[in-house]
1. Over segment 1-54, give the accessible area per residue in Å² for a 1.4 Å probe, as an integer.
2. Sequence-distant or interchain residues sharing an amide H contact under 5 Å with residue 75, placed H: which?
3. Taking trypsin sites (Lys or Arg not before Pro) as exposed when DSSP calls them loop (any state but H, G, I, E, B) and at most 15 other Cβ atoms lie within 10 Å, what is the longest stretch of the chain free of them, the sites themselves excluded?
4. Starting from the amide H of residue 42, placed 1.01 Å from N in the peptide plane, find each other amide H under 5 Å away whose residue is 5 or more places distant or on another chain.
5. Which whole-number percent gives the relative contact order of the chain, counting Cα pairs below 8 Å spaced six or more residues apart?
6. How about segment 1-103: which GluC sites (Glu not before Pro) there are in a DSSP loop, with at most 13 other Cβ atoms within 10 Å of their Cβ?
7. Restricting to lysine pairs 8 or more places apart or on different chains, what number in the chain have Cα atoms under 19 Å apart?
8. Under a no-solvent Debye model with one identical scatterer per Cα of segment 1-55, what's log10 I(q)/I(0) at q = 0.17, 0.29 Å⁻¹?
Amino acid sequence: DIDAELRKAFMPPAGEDAIQRVARGENGADILHDVRYKGATCGRIVYDSKNHKAGRTDFGSKPPQDKARHDAPAAVLVTPAFPAGVRYFCVDGDVCIVHPDAVVHVARILRRSLIALHRQGLSLQARSV
């Protein structure tokens with residue numbers, strides 16, 4: 001269960017992020033992950049999961065649409081099915097495609113990047129004052 005794994009890794013007491021599962025049938029991503037640093041929201045990661053059995057190369061336009069719909073800098077498609085020669089991770093356009101076993105690891109990398117960008121923005125704001 002991707003939702004449970006993300007909650008365990010990033011919500012209190014382990015972290016301070018907010019993770020929301022989107023109700024089945026609603027438009028948008030399956031899971032919304034608001035990354036927080038010292039109480040401030042740094043950005044959002046959207047997750048969509050597809051439980052395909054066979055390898056695919058046509059993951060469609062849903063993850064990029066979800067990314068735009070939820071104003072998220074990062075989108076992750078979680079699936080056990082990959083194109084030939086790929087096992088756990090690849091990037092299609094600006095969407096990370098990740099095996100369920102690796103989703104928390106990729107989320108950690110994306111989270112660190114969002115926090116670093118947020119901190120850089122705070123530093124630039126402080127310098128301009």
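The values are calculated or read from the model by the stated rules, or taken from the named source; none is laboratory data. This structure is a prediction, so every number in the text was calculated from the model and none was measured. Note that each Cβ is placed from the backbone with ideal geometry, even for glycine, and that neighbours are counted across all protein chains shown. Side chains included, ligands, DNA and RNA excluded: accessible areas come from the protein's heavy atoms. Shrake-Rupley method; radii C 1.70, N 1.55, O 1.52, S 1.80 Å.
1. On the way: 3130 Å² over 54 residues.
Ligands and nucleic acids excluded, the figure is 58 Å² per residue.
2. Answer set, sorted by chain and number: 46, 96.
3. On the way: sites that count: 24, 38, 53, 56, 87.
In short, 88-129.
4. 35, 36, 37
5. Working: 206 pairs, mean separation 23.8, N = 129.
Once normalised by length, the contact order is 18 percent.
6. On the way: sites: 5, 16, 26; in loops: 16, 26.
Listed in order of number, the matching sites are 26.
7. Numbers: 8/38; 50/62; 50/67; 53/62.
For the chain, the number of qualifying lysine pairs is 4.
8. Log10 of I(q)/I(0), two decimals: -0.58, -1.17.
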